[in-house]
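**Student:** If you scroll down you'll find the structure; I have some questions about it.
The values are calculated or read from the model by the stated rules, or taken from the named source; none is laboratory data. Just so it is clear, the structure is predicted and the values come from calculations on it, not from any experiment. Every residue, glycine as well, gets a Cβ built from its backbone with ideal geometry; the counts of neighbours run over all protein chains shown. Ligands, DNA and RNA are excluded from the accessible area calculation, which covers all protein heavy atoms including side chains. Shrake-Rupley method; radii C 1.70, N 1.55, O 1.52, S 1.80 Å.
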Amino acid sequence: MKRRVVVTGMGAVTPIGNTVEEFWNGIKTGKVGIGPITKFDTTDYKVKLAAEVKDFVGKERMDFKAAKRMELFSQYAVAAAKEAFADAGLDMEQEDPYRVGTIIGSGIGSLSCVEQNYDKIQTKGPARVNPLMVPLMISNMAAGNVSIQLGLKGKCTDVVTACASGSNSIGDALRAIQYGDLDVCVAGGTESCICPTGIAGFTALTALSTNEDPMTASRPFDQDRDGFVLGEGAGIVVLEELEHAKARGAKIYAELVGYGSTGDAYHITSPAENGEGAGMAMKLAMKEAGVAPEEVDYINAHGTSTHHNDLFETRAICYALGDAAENVVVNSTKSMIGHLLGAAGAVEFVVCVKSILDNFIHQTVGTKNVDPECGLNYAVGAPVEKEVNCVISNSLGFGGHNVSLLVKRFEE
């Protein structure tokens with residue numbers, strides 16, 4: 001008998017706000033967090049824009065000594081996790097620490113740390129490498145640091161499925177609670193790789209937009225889209241078994257009721273052209289939730305602003321929802337904050353929960369001329385204010401990873 005799982009806390013560090021409140025206010029006003037790259041000199045780079053986190057000071061969000069032993073992706077995760085934990089009102093003195101877990105994904109870890117230490121090897125020799133290089137750079141250290149900072153002794157893992165990492169982490173946390181491994185889990189994703197290697201690597205793949213207008217560089221489903229904008233940040237949620245949450249009088253934001261995860265078995269970077277893999281993930285999430293396609297009010301799409309993703313994801317939505325696809329509202333948060341890679345799905349999950357709470361679906365900012373091959377309602381030109389009870393959040397990752405999370409308005 002599966003146990004019910006609810007969302008009781010949320011935290012976010014994003015290019016348009018470093019708390020959930022700041023982030024959501026930015027979302028509601030259509031704020032765009034994309035701008036010229038400030039982290040390094042882009043003179044020799046085709047790509048000039050990214051969606052950087054602004055005004056984040058690690059030592060203001062955590063212990064100074066602890067912050068010094070973390071790269072940015074870990075700092076973002078700890079800051080967002082602390083916010084989510086406080087939001088949930090959890091007191092570890094009242095909890096069995098082995099029943100509270102941590103599942104936080106990062107697609108890459110710290111490329112910057114590798115760059116800096118490789119430069120030291122080249123210029124000063126191998127003996128000058130930072131003794132903490134390895135624990136600073138490896139992707140599991142976001143989960144490890146959150147676990148240490150909050151005293152969480154339950155299952156502690158790092159899911160790495162590229163741009164699906166955050167969503168897979170939340171889905172795996174759902175399963176761990178549903179089947180009794182945990183009562184509470186701090187889950188989500190984090191990323192920070194706006195650095196020379198990150199930008200150069202994705203540029204070489206022809207995946208990034210070379211548009212220098214921040215307002216139109218990321219325009220998912222637009223016929224003139226030319227690639228995604230690299231972003232950074234973290235999204236963390238507290239998932240909790242329903243009876244556990246009720247027993248401690250927790251506020252309940254929404255209920256996570258479905259998780260579908262598939263592999264395309266098709267191509268290392270392109271989604272399957274017919275959309276079947278991603279479509280099947282949506283179908284599996286709906287099946288678990290006991291939800292018919294007609295009941296889905298809104299889909300927060302992966303929506304990267306690349307030609308293949310947007311077209312093939314549209315096909316996936318049509319495959320999964322059939323005729324009901326014509327009536328669902330689809331949007332892409334990446335139009336405002338760029339693509340946060342391993343953190344994307346988790347930050348977008350926060351958007352889905354807030355959309356239910358406020359009955360508000362943000363517009364796909366920057367998109368003006370919808371690609372005729374992408375024939376759905378992409379919330380172009382204005383937000384959509386309507387009752388939102390049932391939402392699907394999609395994430396797709398290089399390697400053919402497809403994830404769909406289905407979240408509903410909570411009802412007893």
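**Student:** If r is the Cβ-Cβ distance from Ala292 to Lys65 and R0 is 41 Å, what FRET efficiency results, to the nearest 0.05?
**Tutor:** E between Ala292 and Lys65, to the nearest 0.05, is 0.20.
**Student:** Leaving out ligands and nucleic acids, and using a 1.4 Å probe, what accessible area per residue does segment 269-380 come to in Å²?
**Tutor:** Ligands and nucleic acids excluded, the figure is 29 Å² per residue.
**Student:** Let me ask something additional. Separation between the Asn359 and Thr38 pseudo-spin-labels, each 7 Å from Cα along Cα→Cβ, expressed in nm?
**Tutor:** Result: 3.9 nm between the two label points.
**Student:** When the Karplus curve 6.51 cos²θ - 1.76 cosθ + 1.60 is applied with θ = phi - 60°, which whole-Hz ³J(HN,Hα) does each residue of segment 396-412 get, with x for Gly and Pro?
**Tutor:** 10, x, 3, x, x, 7, 10, 9, 10, 10, 10, 10, 10, 4, 6, 9, 4
**Student:** Counting only helical runs of four or more DSSP H residues, what would the 222 nm mean residue ellipticity of the chain come to if each run contributes -39,500 (n - 2.57) and the total is spread over all its residues?
**Tutor:** The helix contribution divided over the chain gives -10000 deg cm²/dmol.
**Student:** Once you sort the root eigenvalues of the Cα gyration tensor of segment 356-403 as a ≥ b ≥ c, which label holds: rounded (a/c under 1.5), prolate (a/b larger than b/c) or oblate (the other case)?
**Tutor:** Verdict is oblate for segment 356-403.
**Student:** For the chain, what does the convex hull of the Cα positions come to per residue, in cubic angstrom?
**Tutor:** Here the figure is 128 Å³ per residue.
**Student:** Taking the alpha-carbon distance from Lys283 and a cut-off under 17 Å, which aspartates and glutamates remain once sequence neighbours fewer than 8 residues away in the same chain are dropped?
**Tutor:** Lys283 reaches Asp264, Glu294, Glu295, Asp297, Glu313, Asp323, Glu326.
**Student:** At 1.4 Å probe radius, can you tell me the per residue accessible area of segment 52-98 in Å²?
**Tutor:** Solvent-accessible surface per residue comes out at 54 Å².
**Student:** May I ask you to give the percent of accessible area on the chain that is carbon plus sulfur, with a probe radius of 1.4 Å?
**Tutor:** Carbon and sulfur together cover 50 percent of it.
**Student:** With a ≥ b ≥ c the root eigenvalues of the C-alpha gyration tensor of segment 254-412, is it rounded (a/c under 1.5), prolate (a/b larger than b/c) or oblate?
**Tutor:** Rounded.
**Student:** If you don't mind, another one. Convert each backbone phi in segment 145-151 into a coupling constant with the Karplus relation 6.51 cos²θ - 1.76 cosθ + 1.60 (shift: θ = phi - 60°), then list the ³J(HN,Hα) values in order as whole Hz, x for Gly and Pro.
**Tutor:** Working through the residues one at a time gives 5, 4, 4, 5, 5, 9, x Hz.
**Student:** Report the dimensions of segment 152-225 along its three principal axes from the alpha-carbon atoms, largest first, rounded to Å.
**Tutor:** Extents along the principal axes, in whole Å: 49, 27, 19.
**Student:** Let me ask another. What are the aspartates and glutamates whose alpha-carbon lies under 13 Å from the alpha-carbon of Lys59, with same-chain residues fewer than 8 places away excluded?
**Tutor:** Glu71
**Student:** Now, a different point. With all distinct Cα pairs included, what does the Kirkwood hydrodynamic radius of segment 32-178 come out to in Å, to one decimal, could you say?
**Tutor:** 17.1
**Student:** Separate question: Sorting Cys390, Cys156 by accessible area (1.4 Å probe), largest first, what list results?
**Tutor:** Cys156, Cys390
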